[in-house]
Every structure is written in structure tokens, then in C-alpha cells.
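This report concerns only the one structure given below.
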Amino acid sequence: MKLFRVYVDGALFYHPHLSKLSITEAKLTEDAEGVDSFTLSAPHDHPYLSRIQPMASEIMCKYGDAIVFKGRALDIGTDFYNTHSWQCEAALAYLRDSQQPPFSYTGSLRGLLELFLNNHNSSVESRKQFILGDVTVTDSNDYINRSSSEYLDTMSAVKSKLLDTHGGYLRVRYENDGNYLDWLADFDVRSAQTVEFGKNLLDVKIEESHEDRVTALIPFGAKITETDEDGNKTETDQRVTIDSVNDGKHYVCDEAAVEKIGWIWTTEIWEDVTLPQNLLAKAKARVKILSKGISSIELSIVDESLTGADIDDIHARQYVVCKSPPHGLDDTFLCTGRTRDYLNASGNTITIGAERAGIASVTAKQNPEKLVQNVKIELEEQISSIERKHLYRVEITTKGSYIFTDKGMAAVLSAHVYAWNTDVTAKLDASCFAWHRSSSDEAADAEWDSYHVGMKSITVTTEDVQDNASFRCEVNIQE
């Protein structure tokens, strides 16, 4: 089973098998369209509290071999029990630390992003720098004009000069040779897990927002330039429109939405679009999004990767299959957000992109109250089964000597069994526990094992260790 660990400036801060390095909260929030965040809390007696320096310390989280978060600690606070908590932001936020000077640029999309990153990297420390990675967002002309007469922080420059005009998503990849920044038109990773009603889906929350709905859009492109007899170009106040390629109409609309809620108008400008046909294509795609009322769908799930199954967990920036007939979900959706509590799996949620979802009205042919009751019982039974079978872990604590150098030395080893993050050792019969020794003498180890069955704690002496030995405890829990 994969282990979750936390590092501060490269040094281990939390490990689930080390009781001295315990924490009380480890909640990661991923946002496909923004900056990931991480909430970390530790008790007052944690030995390395002083290592975390806000804005200076690098916080890194690993789940198995994968880095699931890297960034910096921000706010710090304490509660009544003097528990220390830090709010952390992911490495993408480092783009806010640098400034882009006034510029005038003509060239490709990738070239402008590279210019921004070069300026950023030249003014920040190495841990905040980025290597330009994959750029899959394209422009029909592969040639843009961008300028600014003011200083902008790099994040604002990237957003206003690239994302706002061409869309796409920023993604940070943590590789051995540095942090890579990708600009993707779409994500190309599909989760191996599926979310299914009656299996691992606990709750569904559908949020609808209608106040910003639009049914008709008047689009404008780049400003038109005129060339005089001498070849001098002058930019006019007139912009590219779609009249010439749209049957004389200067707008596009969603006819079904107009029929349903009426005419609601807005305008939008694409500074980089110089051809009417390209402007028309962008406007048609845009009005389909603006006319929808569903904003997000949040699903509470049991992540199968936490049950011991050999399967990767679900992340934001992945596509995931979601099936829930009562809610009209049966498609592949982009996971736009995820909240994962690594100490309490019951708090895991994902948010899927609602624009891919068709929420159908479902008429139950049986008694609705009976339907809900049956679903609730079925879910509770399956969740209970998962928790019983898969979500245990064993930690061994040591009191006394870790290394024996003289005769007469001893140490007490105690096994603690956790279900999720709850200690259930006291609820288990001692007969479930069997200790094992591994040394160079297999026959002696087998004899030693036979004398150390049915104990939650054992005492190890110098005579038990001899030359070199290691000890483990096997716990057999009957379902």
C-alpha cells in the first residue's frame, strides 16, 4: 500500500510509521484552473515545528513515489491545544513573485510564454524557476501581437496575454531536473478508476448558477489596420466582426436557450483574431458555454487507491468516467478539482466539469422513499465492507534501546493497529497478534516466533538480537 509522507526543505516531517513524526491534518486541494493548496497541521510536541518558515520553507508531499504537492507555507496559526497549522500554496504561485517589464512582442504563442518564463527565472531563486514544457494550445496564424506599457506580475501577464485570449490550462510537472510548466489546450490523462453509483459514490451535489447566463453574443476581433499609399500602417478604432461570414448578422445565439429563457445579450473581444471565419468559430463555441446554467458537480467518493487496490488515485486534470443513473451521469468528465484528506478518506471529493454533463430528469417507477432507503443501505454495506477489509495499518513503537551494545539491554516493542486514522488496538483480541524475527539463523527465528504469539507487546533483549536481527508484527483480523 502506498504511503503518504511530508518533507520540509528535503527533511522528513511526517511518516505514518513513525509516531514521533505525527500530524493531525493533511488536506490537499487541487484546482485544474488555479493554484493547488495544502493544509498541514501538527501537534505542539512535534520535534520539527521550527523548521517550517512561512514563505521560505519548501513543503513537499509524496504518495508512494509520486510528488503530489510542492510549494511553500504561508499562514501559520495555533488553536486552543497549541496545534500548529499552515496553509500552503503550490509552486505555480511562484509566478506571482516576479514582474514583467513593459514589452512589445510579435511571434508565436510558445515564444511569448518562453519570454515570460525567461524574465521570471532571471529574477527569482532556483527553486522558484520553471522549465518550459509542452505547449499544445495553437493559434490559426501562429503569429500574435502583444504589448504592455505597464509592469505586470508574471501570473497576471500569462493570464491576460495568453490564457484569456487562447484558453487552455497551466500544469506544473515535478521532474528530477526541475519544475516544468505546460500550457495545454486540454488534458490527455484518463483515470484508471471509475466513479459509480452503488460502488464508490457517496454523495452528489449539483450547483447551478443562472444569473450570468447569456443566450446571444456579439463578438469582436482585433482592431483593423489600414495601409496608406506610402505603405504606412495605421490602427483604426474598427474591429473585425462576423457579418461577412454569418449571413449579415453581427451576433450568434443559442436558439434553444433563447426559446427557453429569452434574449440575454453580451459582447466579447478576441484581440488576436484577425479573420472573420475564425472569430465566428470562437463565438459559436463560447455562446454554448455561456448559455448553460450548470456551474459544477461535486462528487463525494471513496478513492479505491486508499483501499489497498493496486490502482492510481483520481486527480484533478484527469478525465474520469462517472456513472450515476439517478443523477443523469453516464459519461467521461474532466476532473476540475479534488479535495483529498490523507488522514481521513471519508472527506474526499472531486469536482467534474459540468459542461460535459447532461443532467437528465429521472422518474422512479417505484416508491421514491423506498428507492432512497435501498440505495442508502447498499452504499453503507459496501463502504463498511471496504473499511473492514482494506483500511488497516500497523505501527510499532519502541520504548528503550534501538541499538544494543552491551549485555542486559532491553526494549519494549508495541504494535498499534489503525483503521483509517483511529487506533483500534484495544478492540482486537491478543490472539490476532504474531511477532516474527529475521536474522541469519532461520531455525532459531522459527523457534523464537513460536514463543511470541498472542501478545500486543513484547520485550526484546540483547540475547534476542545476537549478531543482527529485525522484528515485525503480523496482525490477523478476521472479517
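The lone criterion from (1) of a type in the set (Gly, Ala, Ser); (2) within 20 Å of Leu18 (Cβ to Cβ); (3) at pLDDT below 90 left unmet by Ser41 is number (3).
Total residues in segment 129-139 satisfying the condition of being touching a strand residue (DSSP E or B) at 6+ places or on another chain (Cβ under 6 Å), open to solvent by 40 Å² or more (accessible area, probe 1.4 Å) and either at pLDDT below 90 or not in a strand (DSSP E or B) (or both): the figure is 1. The single residue among Ala91, Ala66, Ala32 that is out of contact with any Ser or Thr (no Cβ under 8 Å at 6 or more places or on another chain), closer than 22 Å to Arg173 by Cβ, of a type in the set (A, V, I, L, M, F, W, C) and surrounded by 14 or more Cβ atoms within 10 Å (Cβ to Cβ) turns out to be Ala91. Within segment 123-142, residues that are touching a residue at least 24 places away in the same chain (Cβ under 8 Å) and at positive phi sit with their Cβ atoms under 9 Å from residues that are surrounded by 13 or more Cβ atoms within 10 Å (Cβ to Cβ) and of a type in the set (Ser, Thr, Tyr), at 6+ positions apart or across chains, in these pairs: Asp142/Ser108. Entry remark, segment 1-29: residues being open to solvent by 40 Å² or more (accessible area, probe 1.4 Å), part of a loop (DSSP other than H, G, I, E, B) and touching a His at 6+ places or on another chain (Cβ under 9 Å) number 3 in total. When segment 187-232 is filtered for residues that are under 27 Å from the mean Cα position of the chain (by Cα) and without any contact (Cβ under 8 Å) to a residue 60 or more places away in the chain, only Asp188 remains.
The set of residues in segment 100-110 that are surrounded by fewer than 15 Cβ atoms within 10 Å (Cβ to Cβ) and not hydroxyl-bearing (Ser, Thr, Tyr) comprises Pro101, Pro102, Gly107.
Restricting Lys20, Lys2, Lys70, Lys62 to residues that are under 22 Å from Asp313 (Cα atoms) and over 16 Å from the mean Cα position of the chain (by Cα) narrows the list to Lys2. In this structure, is Glu235 without any contact (Cβ under 8 Å) to a residue 24 or more places away in the chain, within 24 Å of His166 (Cα to Cα), open to solvent by 50 Å² or more (accessible area, probe 1.4 Å) and not β-branched (Val, Ile, Thr)? Considered against the rule, which asks whether it is without any contact (Cβ under 8 Å) to a residue 24 or more places away in the chain, within 24 Å of His166 (Cα to Cα), open to solvent by 50 Å² or more (accessible area, probe 1.4 Å) and not β-branched (Val, Ile, Thr), Glu235 comes out as yes. Scanning segment 425-479 for residues that are of a type in the set (Asp, Glu), assigned to a loop (DSSP other than H, G, I, E, B) and loosely packed, with under 11 Cβ neighbours inside 10 Å yields a total of 3.
Picking from residues in segment 140-168 that are open to solvent by less than 40 Å² (accessible area, probe 1.4 Å) and hydroxyl-bearing (Ser, Thr, Tyr), the one that is modelled with the lowest pLDDT is Thr165. Counted as qualifying within segment 178-286 are the strands (runs of 3 or more DSSP E) with 2 or more residues that are of a type in the set (D, E, K, R) and either touching a Leu at 6+ places or on another chain (Cβ under 9 Å) or within 28 Å of Lys159 (Cα to Cα) (or both), namely 201-208, 233-239. Only one entry in Asp153, Asp79 is farther than 17 Å from Leu181 by Cβ and in contact with a strand residue (DSSP E or B) (Cβ under 9 Å, 6 or more places away or on another chain), namely Asp79. Of the listed requirements (1) free of Cβ contacts under 8 Å to residues at least 12 places away in the same chain; (2) more than 29 Å from Leu413 (Cα to Cα), Ala73 misses just one: (1). Among all positions in segment 401-414, there is at least one residue which is more than 30 Å from Glu298 (Cα to Cα), among the β-branched types (Val, Ile, Thr) and either surrounded by 15 or more Cβ atoms within 10 Å (Cβ to Cβ) or modelled with pLDDT of 85 or more (or both).
The condition of being among the polar types (S, T, N, Q) and assigned to a strand (DSSP E or B) holds for only one of Ser160, Ser147, that being Ser147.
The values are calculated or read from the model by the stated rules, or taken from the named source; none is laboratory data. Only a predicted model underlies this, so the values are computations on that prediction, with no experimental measurement involved. We place every Cβ from the backbone using ideal geometry, glycine too, and count neighbours over all the protein chains shown. Just the protein is used for accessible areas: all its heavy atoms, side chains included, with ligands, DNA and RNA removed. Shrake-Rupley method; radii C 1.70, N 1.55, O 1.52, S 1.80 Å.
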